[in-house]
1. What do you get for chymotrypsin sites (Phe, Trp or Tyr not before Pro) in the range 41-114 restricted to DSSP loop and a cutoff of at most 13 other Cβ within 10 Å of the site's Cβ?
2. Which FRET efficiency value, to the nearest 0.05, do you get for Val101 and His43 by plugging their Cβ-Cβ distance into 1/(1 + (r/R0)^6) with R0 = 25 Å?
3. Work out the count of Lys pairs in the range 8-104 where the Cα-Cα distance is under 17 Å, with the pair 8 or more places apart or on different chains.
4. Check each of the trypsin sites (Lys or Arg not before Pro) in the range 36-66 and keep only those in coil by DSSP with at most 11 other C-beta atoms within 10 angstrom; list them in order.
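FYI, it's all coordinate maths here, none of it is from the lab. The shown structure was predicted, so the numbers you read here are calculated from the model rather than taken from an experiment. Here Cβ is always computed from backbone atoms with ideal geometry, including for glycine, and neighbour counts include all displayed protein chains.
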Amino acid sequence: MSYPSQVVNLRCAFADAGGIQLTQVSWIYEPKEGERLNIAVYHPKFGASFPTSPLKGRVRFTTEPPSLSNPSIQISDVKMTDEGKYICEYATYPSGNEQGVTSLVMLGRAVCVCFHVLLCICLRALVPPPTSTLPVQFNCY
């Protein structure tokens, strides 16, 4: 879970290769609606790649250079539209692809503004605390 504009770390690790050869790892973003997008790829020979996506420029591997055993990623300046599933997918030999899934849930807060105490308007804000300086404001839950 995260508020907008924060930094999130998404962890991925292959516990025990035990005779399995790890060849490549890919991070795939799957929004609630829309198609899956590759957002980060690492191959030990060819290095890291960040294909074109809405997260390009905001996603990076947490270690430099990345490693196949722990290819965790970090997403900076998260946005409400970043909510969805993040799939860490390993290409392995001889068993084929293996994957783990993490869901990113974006949090917002309700902000209410009252005018003359007779009319209150509550909106779901897209900003994290602290609250902005609107007149006569309180949080609604």
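1. Hits after loop and neighbour filter: Phe46.
2. It comes to 0.70.
3. Pairs that pass both the separation and distance tests number 4.
4. For trypsin sites (Lys or Arg not before Pro) across the range 36-66 that sit outside H, G, I, E and B with at most 11 neighbouring Cβ atoms in 10 Å, the list reads Lys45.
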